[in-house]
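Participant: Have a look at this one.
The values are calculated or read from the model by the stated rules, or taken from the named source; none is laboratory data. What you see is a predicted model, and the numbers here were worked out from it, not measured in a lab. All Cβ positions, glycine included, derive from the backbone under ideal geometry; neighbour counts span all protein chains shown. The area values use the complete protein model at the heavy-atom level, side chains included, leaving out ligands, DNA and RNA. Shrake-Rupley method; radii C 1.70, N 1.55, O 1.52, S 1.80 Å.
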Amino acid sequence: MARNRMIKSEFWDDEKLATIKRDSRLTFIALWNLSDDYGVVKGNHVWLKSNIYPYDESLRLTEFSVWLKELESICVIIPFQNNCEKYYYIKNFLDHQKINRPSGRRNPEPPTDILEHSLSTHGVLTEDSPPKEKEKEKEKEKEKEKEKEKEKEKNKHLECVFLTDIEYKKLTTKEGKERVDTAIEVLNNYKMSSGRKYKSDYHAILNWVFARIKQGGTNGTAGKYNSEKPRNWQEQKYDEEAEQLNRQFRESQAAKAAAREAGKSAK
């Protein structure tokens with residue numbers, strides 16, 4: 001799909017371009033329109049001719065190819081192969097086409113030996129981007145990958161509580177295993193009954209679950225919300241949800257007690 005591009009006034013003063021045919025220069029401009037936002041365009045001469053000069057039926061492919069060869073000869077376009085297909089990399093393309101939000105790649109990236117540009121923090125390719133900026137971008141990408149890996153490492157507790165090993169260890173070190181397991185059960189029951197999801201179950205436990213268990217007394221039941229609710233829990237029907245959670249928790253505890261008694265009787 002062709003894109004609108006900018007032609008700067010310096011284009012007409014370029015001495016290198018002045019050494020080639022006028023039709024070659026016009027073709028060069030047309031390549032900008034057909035390229036993706038990274039300066040790469042298909043190199044199939046038949047395809048290019050039909051898209052650039054669709055109404056010039058008398059134009060021979062051999063003549064059109066000469067114009068492309070002229071552009072290659074002054075190194076304003078650089079040919080390369082990918083998967084047995086030809087492409088052109090338009091050298092210095094983004095020195096003149098400033099694209100802050102480039103679209104996804106339509107064409108393959110040129111080999112590193114012909115790339116003369118580095119990606120700036122604004123998504124614009126420039127020759128002057130310092131190596132430090134490139135390193136910073138790589139570091140940011142690495143950090144993002146690490147965060148994704150941490151998410152994958154979360155373990156499932158009961159039906160729908162997810163904690164990493166580190167998070168679970170922090171909680172048990174601070175509160176004790178029994179209290180943490182009770183908190184997990186309270187949070188699991190609430191999530192199952194309400195359908196609520198959290199970005200971090202670990203922070204949900206720290207923010208309100210421990211406080212709710214404390215409200216319920218030493219038996220570990222989940223008490224009602226008090227009047228000083230956390231800011232992110234100021235919604236309607238809190239008391240109803242808490243009551244439902246309490247019932248489920250008590251029923252779960254009663255079922256466990258009954259199972260234990262049944263086990264003792266069987267022995």
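Participant: Given the conditions (1) open to solvent by 70 Å² or more (accessible area, probe 1.4 Å); (2) over 17 Å from Ala30 (Cβ atoms), which single one is not true for Ile99?
Facilitator: Against the list (1) open to solvent by 70 Å² or more (accessible area, probe 1.4 Å); (2) over 17 Å from Ala30 (Cβ atoms), Ile99 comes up short only on (1).
Participant: Hey, any hits in region 112-130 for a residue that's at pLDDT 75 or above, surrounded by fewer than 16 Cβ atoms within 10 Å (Cβ to Cβ) and not hydrophobic (A, V, I, L, M, F, W, C)?
Facilitator: Yes, the conditions are met somewhere in region 112-130.
Participant: Restricting to helices (runs of 4 or more DSSP H) lying wholly in region 136-249: which have 3 or more residues that are at pLDDT 90 or above and over 29 Å from the mean Cα position of the chain (by Cα)?
Facilitator: Per the criteria, 165-175, 177-194.
Participant: Still on this structure, I have one more. Do you know which residues across region 1-25 are at pLDDT 90 or above, of a type in the set (A, V, I, L, M, F, W, C) and surrounded by fewer than 13 Cβ atoms within 10 Å (Cβ to Cβ)?
Facilitator: Ala18
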